[in-house]
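Working notes, structure below.
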Amino acid sequence: MKTYEEINEKIKQGKAVVVTADEVCELAEAEGIKAVAEKVDVVTTATFGPMCSSGVFLNFGHADPPIKMSKIWLNNVPAYAGLAAVDAYLGATAVSETEGIQYGGGHVIEDLLSGKPIRLEAEGCKTDCYPAERVSVQITLDSLNQAILLNPRNAYQNYAAATNSSSRTLHTYMGTLLPRLGNVAYSTSGQLNPLINDPEYRTIGLGTKIFLGGGIGYVLGEGTQHNPNQLRAANKVPLSSAGTLMLMGDLKQMNPRYLRGATIKKYGVSLMVGIGIPIPVLDEGIAESVSVRDKDIYTTIYDYSVEKLSRPTYGRVNYQELKSGSVQINGNQVPTNPVSSLFMAKEIAAILKDWIRRGEFFLVEPICLLPRDTRLKPLPQKEDESKKDGLKL
Amino acid sequence: MNTVTRRVVLTFPANLVEDTAIYHLIKDYDLVVNILRAKIIPKEIGRIVLELRGKIDNIKKGVSYLESKGIEVKPLAQDIYLNEDKCVSCGMCLAVCHQKALSLNKNTWKIEFNRDDCILCEQCVSVCPLKVIQVTF
Ligand code: SF4
Ligand code: SF4
């Protein structure tokens, strides 16, 4: 048994043993779970991929004469203005009014972070305290008072894989799905995935300090659509999309290598986000969880050609199979391709490990852990149908 | 007359046999022919990138000959360029590259581009979410 304080003391003295979630598998294989629990203090996990539910809170500073902005565009991309006078929220998937999905919120975030000037246009209603009705200026990340990345849903704990049984090519957020089961697209980094390494949320919650977009960030709690009730295997790892995280961090100290505006063909705009989460090896149970390997992590293949909320499945596969380049469906070998980057995830896990080893990054014990009992609900049925139900009563 | 080099892309229906055409280019038009790339998508199209070296008149005649055989000939004015510094190796382009010119290195998990296997179909260009694959002229 170790405590956060003990681990942080070791980090301070430069004595903490820190390994990535890939490396810990090798150690567990060679020496067993007990050795992992005794020897390892922190395991670094990571993920990098398109995460649509992302965005940034901005405060522009007051204009002279002042304006209460009620409509806001950044490089022609609309931002939410229903806040105080010069506050806005720019969502990653917002689409340019002039360029369509070739440019959007995700790109503005990357451009801001890269130091590029951004055109801010705003309209407001004339009032006694805010006389101006229109403003059009250039802003930069430096000119903003605050730029706080606040992502309502990131770092999915596992994710469903996608295929397409129809006769036409589909363009989805899982990328191109070729006709007649032409490919299987999968997301998440498997054994490197943060929440897969802490399947029962024993160490991750409000306050957990993380690598976010190349800088420091924090977990705020459960993300939207958090679904701890997903079916789980004996090792407690969910068998499809499950838990999620809400994350925040100061954009000003991030690095554009790890936040990338993306245009997914015939689908829309998104933001690729790089996330790294340290997991303290407090006891043997956690040592076992972090040693989970690709071959013991399963996900479900869904048929995206069926336009229903509950889609038919083609069974389960593990990440070792998915990463091998092909999986079997109905007796045929079908090529697989990822849509999130294992290359970048490995890089992030290594960087976070380095930060901790060098004594630059300490662990923060969460104030409260992620909920384990919330249920995922669909949108209520159409109004006329609920009325019908009402009549029956 | 000087010897010149021209690079051309031949596109032909898959049922056309291109071997004899290339033989004639060498034999009848006195050209040095170097096959840079050759790919055939079964039942769809075939595509060959050739480097032709010889007298300019002979190259022109050779190209006319190919066209008379129903082969489309275009100068190779373009190439696929992957900006490796900007690529994040997400893997989305793999789904559309049937030639496997784009592939994942299973040790590093980095995307690699093998120009020799590329048939310039350009499918990957619009699929890449970061627009880091470009057609260069
Ligand atoms: S889709 Fe683009 S960014 Fe992703 S791996 Fe291919 S070239 Fe790289
Ligand atoms: S153009 Fe792109 S998709 Fe087509 S063969 Fe070349 S690399 Fe592959």
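The values are calculated or read from the model by the stated rules, or taken from the named source; none is laboratory data. Values in this document were obtained by computation on a predicted structure and should not be read as measured data. Neighbour counts are summed over all protein chains in view; Cβ atoms, including those assigned to glycine, are modelled from backbone coordinates with ideal geometry. SASA here: full protein model, heavy atoms, side chains in, ligands and nucleic acids out. Shrake-Rupley method; radii C 1.70, N 1.55, O 1.52, S 1.80 Å.
Details
- Each Lys and Arg adds +1 at its Cβ and each Asp and Glu adds -1 at its Cβ; summed about the Cα centre, segment A:206-278 shows a dipole of about 260 debye.
- Local net charge near B:V4, Cβ-Cβ under 14 Å (Lys/Arg +1, Asp/Glu -1): +3
- From the Kirkwood radius over Cα pairs of segment B:83-135, Stokes-Einstein at 37 °C and 0.692 mPa s returns a whole-number translational diffusion coefficient of 296 µm²/s.
- Taking label points 7 Å from Cα along the Cα-to-Cβ direction, A:E284 and A:A350 give a separation of 3.4 nm.
- Ranking B:P75, B:V32, B:L10 by Cα position along the charge dipole of segment B:3-76, where only Lys, Arg, Asp and Glu carry charges on their C-beta atoms, puts B:P75 farthest toward the positive end.
- Derived scalar couplings between HN and Hα for segment A:84-95 equal 5, 2, 10, 9, 8, 10, 9, x, 4, 8, 4, 10 Hz in order, rounded to whole Hz, by the Karplus curve 6.51 cos²θ - 1.76 cosθ + 1.60 (θ = phi - 60°), x for Gly and Pro.
- Listed residues A:T163, A:G190, A:N227: farthest to the positive end of the dipole of the protein assembly as shown (Cβ charges): A:T163
- Sites A:R168 and A:K295, calculated FRET efficiency, Cβ-Cβ separation with R0 51 Å, nearest 0.05: 0.90
- Spin-label model distance (nm) - A:K236 vs A:D64, 7 Å beyond Cα toward Cβ: 5.8 nm
- Here is the short version for chain B: B:C87, B:C90, B:C97, B:C118, B:C121, B:C128 have no other Cys C-beta closer than 4.7 Å.
- Mean sequence separation of contacting Cα pairs (under 8 Å, at least six apart), scaled by the length of segment A:61-144, corresponds to a relative contact order of 32 percent.
- FRET efficiency for the pair B:Y65 and A:N330, taken as 1/(1 + (r/R0)^6) with r the Cβ-Cβ distance and R0 = 51 Å, rounds to 0.60.
- Relative contact order %, chain A, counting alpha carbon pairs below 8 Å whose residues are six or more apart: 23 percent
- Relative to the globular-protein estimate of 2.2 N^0.38 Å, the Cα radius of gyration of chain A stands at 1.07.
- Too-long pairs where the Cα-Cα distance tops 27 Å, listed order kept, from A:K71/A:K308; A:K116/B:K100; A:K71/A:K116; A:K265/A:K308; A:K34/A:K236; A:K2/A:K377: A:K71/A:K308; A:K116/B:K100; A:K2/A:K377
- Average 1/r across all pairs of distinct alpha carbons in segment A:249-393, invert it, and you get the Kirkwood radius: 20.4 Å.
- Segment A:348-368 and segment A:236-283: distance between their alpha carbon centers, rounded to Å: 16 Å
- Proximity of backbone amide H atoms, modeled 1.01 Å from N, is registered between A:S326 and A:T336 at under 5 Å, excluding neighbours fewer than 5 places apart on the same chain.
- Given charges at Cβ of Lys, Arg, Asp, Glu: the protein assembly as shown dipole, positive-most of B:V132, B:I45, A:L113: B:I45
- Protection proxy ranking, highest mean first, for peptides A:351-360, B:78-87, B:118-127: B:118-127, A:351-360, B:78-87, where packing is the per-residue count of other beta-carbon atoms within 10 Å, averaged.
- Restraint check, A:K209/A:K346; A:K209/A:K252; A:K266/B:K74, Cα-Cα greater than 21 Å: A:K266/B:K74
- In terms of Cα atoms, the Rg and Dmax of segment A:61-144 work out to 12.6, 40 Å.
- Within straight-line cross-link reach of B:K86, aspartates and glutamates at Cα separation under 19 Å, skipping those fewer than 8 residues along the same chain: A:E110, A:D111, A:E347, B:E112, B:E122
- Carbon plus sulfur fraction of accessible area for segment A:18-118, probe 1.4 Å, in percent: 54 percent
- Where segment B:3-76 is the region considered: accessible area per residue in Å², 1.4 Å probe: 59 Å²
- Where Rh is the Kirkwood radius over Cα pairs, Rg/Rh for chain B: 1.05
- Average other protein chain Cβ within 10 Å of Cβ, residues A:329-342: 4
- Neighbourhood charge, 15 Å Cβ-Cβ cut-off, centred on A:E29 and excluding it, Lys, Arg +1 and Asp, Glu -1: -3
- Neighbour net charge for A:T176 - beta-carbon separation under 10 angstrom, K R +1, D E -1: +2
- Helix-derived mean residue ellipticity, 222 nm - over chain A, DSSP H n ≥ 4, -39500 (n - 2.57), to 500: -5500 deg cm²/dmol
- Fully extending the segment from A:E23 to A:Q381, taken as 0.36 nm per residue of separation minus the present Cα-Cα distance, adds 124.1 nm.
- Distant-in-sequence amide H partners of A:N255 (H built 1.01 Å from N, under 5 Å): A:G214, A:G215
- Largest GNM mean-square fluctuation across A:S240, A:S136, A:S70, computed for chain A with C-alpha springs under 10 Å, falls on A:S136.
- Dipole magnitude of chain A, debye to nearest 20 (Cβ charges: Lys/Arg +1, Asp/Glu -1, about Cα centre): 880 debye
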